[in-house]
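Heads up, the thing below is written out as structure tokens.
We did not get these values from a lab; they are worked out from the coordinates using the rules stated. Quantities reported herein were computed from a predicted structural model and do not represent experimental measurements. Here Cβ is always computed from backbone atoms with ideal geometry, including for glycine, and neighbour counts include all displayed protein chains.
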Amino acid sequence: MVEDSKLSGFFKLSRDERVKKLMEVTGLGEEDLEPLINPGKVDLDILDHMIENVVGAMTLPLGIATNFKVNGKDYLIPMALEEPSVVAAASNAARMARELGGFTATDTGPIMIAQIQVVEVPTPHAAKNRIMENKEELLKFANEQDPILVRFGGGARDLRVRIIESSVGEMLVTELIVDTRDAMGANAVNTMAEALAPRIEKLTGGRVILRILSNLAEFRLVRVRATFDKELLGGEEVVRDIITAWAFAEADPYRCATHNKGIMNGIDAVVIATGNDFRAIEAGAHSYASVGGYSSLTKYERDIDGNLVGSIEIPMAVGLVGGATKVHPVARACVKILGVKTALELGHIIASVGLAQNLAALRALASEGIQKGHMALHARNVAATAGARGDQIDVIAERLVMEKNVKVERAKELLDEITN
């Protein structure tokens, strides 16, 4: 945990100076941050055991979002992604939120769902009753599959049974509700489902096909709210227009797809940095947004003082135990920077970043337009693509923006002028 995440002028520092500042405020040493500072030194033998057919590594830029205060605690937040403006936008939104208390987060616990699909059930409704009659025995047997999880306070908590009509006929689905504690939980719930399958077959008289978790983690929600100062946002008119822009996303799935993608810009970046499964988070978020018709994961309102109040509710199945979070050295370093102790705390932070990123995007869209800030940062990428290096990048990027011609061809012309 850091004492203050409001690092004034952090973006103006050189990369080396940022690293020194990060060490200073986090108390971490160079050996802790080595995988971030020199990603090329990451041991390929470690990566070779993470996936198949490894030939190398793909390095993403990793930045630090500042200004975040979540539940009264300050955090510096690692974000790994290739898109310009996201880290800056999230940091700026967090700055506006912290003036009125920062982000307040709650959760529904680290609960995951495992599904056991049964077909060819002669009497589905009676089978459903038989499963529920044997519920305690089934839960006990499920917990015997993972005594370590149970020892840490987790384990199977409940089960439910649903009868589903499908294009290939009626299916009976038993759903096991499991507290996975600080693990994401995929392996734990899948193991339990596999073990229960034969017993479910015997009770139903049907045939089990799938035994797998659901990424629609409706019992693993994180809820975050924050109040953004109207004056820092640009005044009451900007507040009104942000709410109107959000209402567009609520009403139209074509707008909402991009609106929710903006939320995930922030969320995925932290999920990737901490070695968690961003595909699972994406699937859970968009499927949750689709319940009852695709809609925004965020809500915006105006309080009695005219300030903007934003909130988000989203499934957040992330973990600190197992997987890449424990294996990948960069992920381990990022978790150290965050200083988080539980998966729930990590979920609070990630959802807060999603809300901040969404607010920043809506503010830009409702005021000067998204391209002004985005293109200023994108110009640096264009300059680098054209071959610029060092101070040349900033000089060429400034000219591209001034000329409103952010193109590689023009960047190459400017680079020729400088070098010749």
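Scalar couplings 3J(HN,Hα) for the range 207-217, obtained by applying the Karplus form with A = 6.51, B = -1.76, C = 1.60 to θ = phi - 60°, are 10, 7, 10, 8, 9, 7, 5, 10, 7, 7, 7 Hz; x denotes Gly and Pro.
Computing Rg and the Kirkwood Rh from the Cα coordinates of the chain gives a ratio, Rg/Rh, of 1.03. Where does the chain land at 222 nm, in deg cm²/dmol rounded to the nearest 500, when only DSSP H runs of n ≥ 4 count, each adding -39500 (n - 2.57), divided by all residues? It comes out at -16000 deg cm²/dmol, rounded to the nearest 500.
For the range 113-123, backbone phi angles converted through the Karplus equation (6.51, -1.76, 1.60; θ = phi - 60°) give residue-by-residue couplings of 10, 10, 10, 10, 8, 10, 10, 6, 8, x, 10 Hz, Gly and Pro being listed as x. Out of every Cα-Cα pair that the range 198-302 contains, those further apart than 16 angstrom amount to 69 percent. Take the convex hull of the alpha carbons in the range 290-408; its mean projected area over all directions comes to 12.3 nm². Given the options GLU398, GLU250, GLU175, state which has the largest fluctuation in a GNM of the chain using a 10 Å cut-off (strictly under) for Cα springs. Evaluated over the chain, the most mobile residue of the options is GLU398. Over the C-alpha trace of the range 373-419, radius of gyration and Dmax come out as 8.9, 28 angstrom.
Label positions at ARG162 and GLU409, each projected 7 Å from the Cα along the C-beta direction, are separated by 5.3 nm.
For the modelled label position 7 Å from the Cα of ARG15 along Cα-to-Cβ, which residues of the range 48-63 have backbone nitrogen atoms closer than 18 Å? Counting backbone N atoms under 18 Å from the label point, the list is 57-63. GNM remark for the chain: springs join alpha carbons under 10 Å apart, and the peak mean-square fluctuation among ASP391, ASP16, ASP241 falls on ASP391.
Computed from the alpha carbon atoms alone, the convex hull of the range 202-248 holds 148 Å³ per residue.
Note on the range 111-214: Kirkwood radius taken over Cα pairs, Stokes-Einstein applied at 37 °C and 0.692 mPa s, translational D equal to 243 µm² s⁻¹. Once you've got the Cα coordinates, tell me which of LYS73/LYS326; LYS20/LYS41; LYS73/LYS299; LYS230/LYS261 are over 22 Å apart. Cα-Cα > 22 Å for LYS73/LYS326; LYS73/LYS299; LYS230/LYS261; rest within. Expressed as a fraction of 2.2 N^0.38 Å, the C-alpha radius of gyration for the range 89-139 is 2.34. Computed over the range 270-319, the alpha-carbon pair-distance distribution with 10 angstrom bins reads 23, 37, 27, 12, 0, each value a whole percent.
Here each label is just a point 7 Å from Cα along the line to Cβ, and for GLU231 and ILE418 those points are 4.0 nm apart. For the chain, the residue among GLY292, MET184, GLY56 whose Cα projects farthest onto the positive side of the dipole built from Cβ charges is GLY292. Between ASN53 and LYS341, the distance separating the two model label sites (each 7 Å from Cα on the Cα→Cβ line) works out to 4.5 nm.
Each of TYR75, TYR294 was scored by other Cβ atoms within 10 Å of its Cβ. Listed from fewest to most, they are TYR294, TYR75.
Here the range 205-298 is assigned +1 on the Cβ of each Lys and Arg and -1 on the Cβ of each Asp and Glu. Its dipole about the Cα centre then comes out at about 600 debye. Could you work out, for the range 120-160, what percent of all Cα-Cα pairs fall into each 5 Å distance bin, beginning at 0 Å and stopping at the bin that holds the largest distance? P(r) for the range 120-160, in whole percents per bin: 6, 23, 22, 17, 14, 10, 6, 3.
Remark: VAL55, VAL238, VAL121, VAL318 ranked as VAL55, VAL238, VAL121, VAL318, counting other beta-carbon atoms within 10 Å and listing the fewest first. Considering only LEU22, CYS256, GLN115, the residue lying farthest towards the positive end of the dipole of the chain is GLN115, judged by Cα position with unit charges set on Cβ. Helix 329-338 sits at what angle to the longest principal axis of the chain, using alpha carbons and giving 0 to 90 degrees rounded to 10? Its long axis makes an angle of about 80 degrees. With point charges of +1 on the Cβ of Lys and Arg and -1 on the Cβ of Asp and Glu, referenced to the Cα centre of the chain, which listed residue (ASN307, LEU159, ASN420) lies farthest in the positive direction of the dipole? After comparing all options, I get LEU159. The range 226-385 has equivalent-ellipsoid semi-axes of 28, 19, 16 Å, by the square roots of 5 times the alpha carbon gyration tensor eigenvalues, sorted largest first.
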